[in-house]
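Single-structure report; data block below.
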Amino acid sequence: MSSVYDVAIIGAGVTGASIARRLSAYKLRVVLLEKECDVSFGVSKANSGIIHGGFHHGASTLKSRLEIQGNIMFDALQRDLHFPFRRCGILVAALSFEEMKTVEKLYMQGVQNGSIGIELCNRERMLSLEPKLNRDVVGGLHAPSGGIVEPYRLVFSLVESAVKNGVELKTKFKVNGVDITGERFHISSVNGETVTSRYAVNAAGLRADEISKLFKAEEFTISPRKGEEYLMDRNAAAFTSRVIFPVPSPNSKGMLVIPTVEGTTMVGPTAEEIEDKEDLATTGDNFEKVFYSARRLVPSVSERDIITAFVGLRPALEGNDFYIAISTKCPKLVQAAGIQSPGLTAAPAIGEYVKDLLKKAGLILEEKPNYDPAIDPLPRIREVDPFTAEKLIEKNPSYGNIVCRCESISEAEIVEAIKKGHTTLDGIKFYTRAQMGRCQGGFCTYKILKIIQRETGLSVDEITKRGAGSWEITGRVGEFQIFSRTGGKE
Amino acid sequence: MTEKKYDSVIIGGGSAGMAAACRIAEAGYSCAIVERETALGGILNQCIHNGFGLHHFKEELTGPEYAERFIQAVKDKGLDVYLETTVMDIEDTGSMKSFYGYSSVYGLLHFSCRSIVLAMGCRERNRGNIGTPGTRPSGIFTAGLAQRLVNIDGYIPGKKIVIVGSGDIGLIMARRMTWVGTEVLGVVEIQPYPAGLTRNIVQCLTDFNIPLHLSHVVSKIWGKERVEGVRVSPVGTEEGGNRASFDLDCDTLLLSVGLVPDNEISKKAGVDLNPETGGALVDSRLMTSVEGIFACGNVLHVHDLVDFVTEESQRCGEAVCHYLKGVAPGRQYRTVSGANVKYVLPNMYNPDGDNRFYLRPLVVKNGAELVVKIEGREVIRKKLRHVQPSEMVSFTLDREEIPSLESSRGNTLETGIL
Ligand SMILES: Cc1cc2nc3c(=O)[nH]c(=O)nc-3n(C[C@H](O)[C@H](O)[C@H](O)COP(=O)(O)OP(=O)(O)OC[C@H]3O[C@@H](n4cnc5c(N)ncnc54)[C@H](O)[C@@H]3O)c2cc1C
Ligand SMILES: Cc1cc2nc3c(=O)[nH]c(=O)nc-3n(C[C@H](O)[C@H](O)[C@H](O)COP(=O)(O)OP(=O)(O)OC[C@H]3O[C@@H](n4cnc5c(N)ncnc54)[C@H](O)[C@@H]3O)c2cc1C
């Protein structure tokens, strides 16, 4: 078969998804390759969800430029893609005059970068912007352009939009070999599948170094830097109106108090250099650290409100900047590596930037006349008023079946998730929020297992939490009893 | 939108909701039960073991059998029951309350009523609540969810099981999982004493040689996709001396680490909660801080025996009838917990009526004494053979036992265990 793709993108995190969506506006055959069984199952699902305000990094870095650009692109993106996003603003709280000196530097940096509306604040201003702050605050910074986003919903909607415009998505495609013949890349997976493309983009997050090696391109090392985060109930007293940062140290933005778009409160992340790219374990020690430092900012933060914890690994590169460039050793490959924070913020701008690099590398971009940047919004029962709810239920009764009671998620929304390809418990969780609330699936898991079986035809022991190996159910009660009963009686 | 009007609507059709509803209907008031599941019975439907009803029916029933008696009564009394209908946001508009019921069967229902009984039961505490470090693979279930999966859906959630917490559900699941042919490696309990009823320790662990590790915690979980093992460590290792941590290879972890009254919609209705119980603050009539909204069963406080749920809920139903009739409560004074008592309910008593109290001890003790004082004056002193936190204590205070009280004073009633 002569099915040669113009571009193969490796990795369906926010970086790969943004690039795929951007390229979907052109007459190109694009394939998006992802090793997991769903998209956004890498770093892009486990982060702080902040759209940064453009003051943390100096203007000379690439990430700072892309952060500012990416930030500005979010309003338009949300209008098209309907993911949860709010420009709630960011505060940096200084608790001493020493810290205030750093804040002044951040402010100057923000002004230089072009952070819109950035403001240096005295104590009174800080406390009026956020009355829950520690009363010992001496001043700080306010970046009104900062915001919060639900990161997996962002990625899901980017991919949905890309697929709608012709991008092919291949999940469970773990790239483990690349053959280069003339102008063609033959990219093969552990399952023995191969795709052929003329150009390739390395957006493999923590594995970008390994992918680069497969292309015999640049050698570099991605070092995982671990971040633990703790999520608290929607009723937590510590819910603030803006994201609260401490004053950063030279190598970390510090641990924050984050009001998520969905109304829960999150604290973290830690920053710890580790070796193992798969080490997603939380530790007791870090728990103490996170809560100690969060309480310094907002004293009402309480561990009693915790509903869950998670870990994300930042794919850090030496020098700590993004590495987005045409490979010098392999000129049809574009590297998008070292995308640690502010990778989420910068993603839309990375999409633009990589598109331009591909063009530079020789890819011909011709606009698609029928490109449709928007996807259909999915009505969610908890977001609509009773009259709209009534109409929804009339049209589709399963909107009236509330499956997840903590987050008020209807059966219709779960079915929609499954139809969009999210067939694991985690996929459904990230798409709908069912199992994400305070009971963490205690009430609704059995119902969701039933719905997945009905919609996909999978048997219950084939359903997983997040792909191969993460099975939920081993078998059925009585399978062996039935055997002995017939054996005994007949 | 379909409008529904009742004197009283009961939210939740478990043992609490059914008992309250029956009392209200018997008095001739119009009354309905709204239940989100496909059947009445609540948590009882998945408790297929026996041990229910020893107090109330003086016989030993299984959970579904116990429920069935009330389901029959609900039918006989001709109560309106809305199954597969979930109540969201209650609105309090003074003498009338209103709320929406979401249902795939009935569409959107709008209820208005003069009184509401909250009977939504409780939810289970989970891993996040106890903060166990480690990875987050599949194979970590709350014990109640596992019970539901096994007993109702017929799904077996693993092969080698470790149970965290020795609450009743955990203990019963240890036996149940053994019966379905899985291997239960042990039960790990942080306290130096078990959290469940003694009879369950004997019948569910001892009889099956399942080890109970008291004063231990699961300190780490590993496994990338599915649970592969856990570390069990003694509490306070420093003084633990020669006690060492050990690892168990398992693929499943069941958590039985406590229940929390499920009061999300109560909060939205403006009901004040008691941090000690997680349930509403209630007066001597089991009425919450919102006039006309009552609470009973596990949504008020977590019960260990369904018999007490029934008793409490029948009283609640009677109180609703008085309220609907327009009977004012008269004098009411505060109750507080004294020595060794975690909480006492209700939070008010009525010196002109008979009062029934439920309290949760904080200590394990043989030969204890219950001491009840009003304004420092002892009104009851009663011997209790054995108390422990997992077993609720109840007692009555009749009108005759209450001395005459001066209305100018606080007249606070204090209960203690000595
Ligand atoms: C704790 C934490 C907090 C953060 N907070 C923020 C924040 O608040 N704001 C912000 O802007 N940024 C934040 N970040 C950074 C942000 O999350 C990342 O920059 C961003 O998610 C990176 O996206 P990505 O697509 O490059 O990587 P990923 O999401 O990891 O995507 C890479 C994908 O490649 C796939 N892949 C890997 N190898 C292969 C292979 N061989 N074959 C096929 N597929 C493969 C992976 O499975 C993965 O899905 C945070 C990061 C962390 C860890
Ligand atoms: C797992 C478990 C095991 C137990 N084992 C024993 C035992 O062995 N022996 C014993 O004597 N006691 C036992 N108990 C105690 C006793 O049986 C229960 O406490 C009692 O049945 C609780 O009754 P309830 O009506 O308060 O709550 P539930 O039975 O939980 O009923 C609450 C009902 O409300 C419904 N509901 C909740 N929210 C809404 C809403 N928004 N809209 C509509 N409906 C709603 C729920 O679906 C549920 O059916 C056990 C309890 C539990 C939780």
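The values are calculated or read from the model by the stated rules, or taken from the named source; none is laboratory data. Nothing here was measured: the structure is a model prediction, and the numbers come from that model. Glycine also receives a Cβ, built like all others from the backbone with ideal geometry; neighbour counts cover every protein chain displayed. For accessibility, only protein heavy atoms count, side chains too; no ligands or nucleic acids. Shrake-Rupley method; radii C 1.70, N 1.55, O 1.52, S 1.80 Å.
One table, with the values for the structure above:
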{"read-out": "Hits in the range B:109-138 - residues which are in contact with a Leu (Cβ under 8 Å, 6 or more places away or on another chain) and within 8 Å of chain A (Cβ to nearest Cβ)", "value": "B:123, B:124, B:126, B:127, B:128, B:135, B:136, B:138"}
{"read-out": "One residue from B:79, B:108, B:61 being aliphatic (A, V, I, L, M), more than 9 Å from ligand 2 (Cβ to nearest atom), open to solvent by less than 30 Å² (accessible area, probe 1.4 Å) and closer than 20 Å to residue A:382 by Cβ", "value": "B:108"}
{"read-out": "Single match in A:377, A:386, A:373 (criterion: within 13 Å of another protein chain (Cβ to nearest Cβ), more than 19 Å from residue B:149 (Cα to Cα) and of a type outside the set (Ser, Thr, Tyr))", "value": "A:386"}
{"read-out": "Entirely in the range A:257-346, the strands (runs of 3 or more DSSP E) that have 3 or more residues that are crowded, with 18+ Cβ neighbours inside 10 Å and within 14 Å of chain B (Cβ to nearest Cβ)", "value": "A:265-268, A:306-317"}
{"read-out": "Top-ranked residue in the range A:8-30 [being more than 11 Å from ligand 1 (Cβ to nearest atom) and assigned to a strand (DSSP E or B); ranked as surrounded by the most Cβ atoms within 10 Å (Cβ to Cβ)]", "value": "A:30"}
{"read-out": "Residue A:240 being hydroxyl-bearing (Ser, Thr, Tyr) and touching a Ser or Thr at 6+ places or on another chain (Cβ under 6 Å)", "value": "no"}
{"read-out": "Residues located in the range A:115-159, provided they are under 30 Å from residue A:343 (Cα atoms) and of a type in the set (Val, Ile, Thr)", "value": "A:116, A:118, A:137, A:148, A:149, A:155, A:159"}
{"read-out": "Residue that is closer than 29 Å to residue B:136 by Cβ and touching a Cys at 6+ places or on another chain (Cβ under 9 Å), where the choices are B:211, B:234, B:261, B:194", "value": "B:261"}
{"read-out": "Check on residue B:17, at pLDDT 95 or above and under 16 Å from residue B:262 (Cα atoms)", "value": "yes"}
{"read-out": "Hits in the range B:261-289 - residues which are of a type in the set (A, V, I, L, M) and modelled with pLDDT under 95", "value": "B:265, B:269"}
{"read-out": "Among the candidates B:62, B:38, residue that is more than 16 Å from ligand 1 (Cβ to nearest atom), within 14 Å of chain A (Cβ to nearest Cβ) and touching a residue at least 12 places away in the same chain (Cβ under 8 Å)", "value": "B:38"}
{"read-out": "Unmet criterion (only one of (1) within 14 Å of chain A (Cβ to nearest Cβ); (2) open to solvent by 10 Å² or more (accessible area, probe 1.4 Å)) for residue B:101", "value": "(2)"}
{"read-out": "Search result, residues across the range A:434-458 that are open to solvent by 50 Å² or more (accessible area, probe 1.4 Å), facing chain B (nearest Cβ under 9 Å) and part of a helix (DSSP H, G or I)", "value": "A:450"}
{"read-out": "Residue in the range B:43-51 that is away from ligand 2 (no atom under 11 Å from the Cβ) and hydrophobic (A, V, I, L, M, F, W, C) present", "value": "no"}
{"read-out": "Filter result for the condition that a residue is in contact with a helix residue (DSSP H, G or I) (Cβ under 8 Å, 6 or more places away or on another chain) and assigned to a loop (DSSP other than H, G, I, E, B), over B:304, B:283", "value": "B:304"}
{"read-out": "Among (1) in contact with an Asp or Glu (Cβ under 8 Å, 6 or more places away or on another chain); (2) surrounded by fewer than 22 Cβ atoms within 10 Å (Cβ to Cβ); (3) not small (Gly, Ala, Ser); (4) not assigned by TED's automatic domain parsing to the domain that holds residue A:91 - the single one residue A:173 does not satisfy", "value": "(2)"}
{"read-out": "Selection status of residue A:350, more than 14 Å from every other protein chain (Cβ to nearest Cβ), part of a helix (DSSP H, G or I) and surrounded by fewer than 24 Cβ atoms within 10 Å (Cβ to Cβ)", "value": "no"}
{"read-out": "Residue count, the range B:142-159 (criterion: facing another protein chain (nearest Cβ under 7 Å) and not in a loop (DSSP other than H, G, I, E, B))", "value": "9"}
{"read-out": "Given (1) at pLDDT 90 or above; (2) open to solvent by 60 Å² or more (accessible area, probe 1.4 Å), number of the condition residue B:337 does not satisfy", "value": "(2)"}
{"read-out": "Qualifying residue in the range B:258-280 (condition: within 23 Å of residue B:321 (Cβ to Cβ), of a type in the set (Lys, Arg) and under 29 Å from the mean Cα position of the chain (by Cα))", "value": "no"}
{"read-out": "Some residue of the range A:217-228 being within 14 Å of chain B (Cβ to nearest Cβ) and open to solvent by less than 60 Å² (accessible area, probe 1.4 Å)", "value": "yes"}
{"read-out": "Candidate set: the range B:371-390, residues that are over 27 Å from the mean Cα position of the chain (by Cα) and part of a loop (DSSP other than H, G, I, E, B); chosen: the one surrounded by the most Cβ atoms within 10 Å (Cβ to Cβ)", "value": "B:375"}
{"read-out": "Selection from the range B:393-410 of residues that are open to solvent by less than 100 Å² (accessible area, probe 1.4 Å) and either touching a Ser or Thr at 6+ places or on another chain (Cβ under 9 Å) or not in a loop (DSSP other than H, G, I, E, B) (or both)", "value": "B:393, B:394, B:395, B:396, B:397, B:401"}
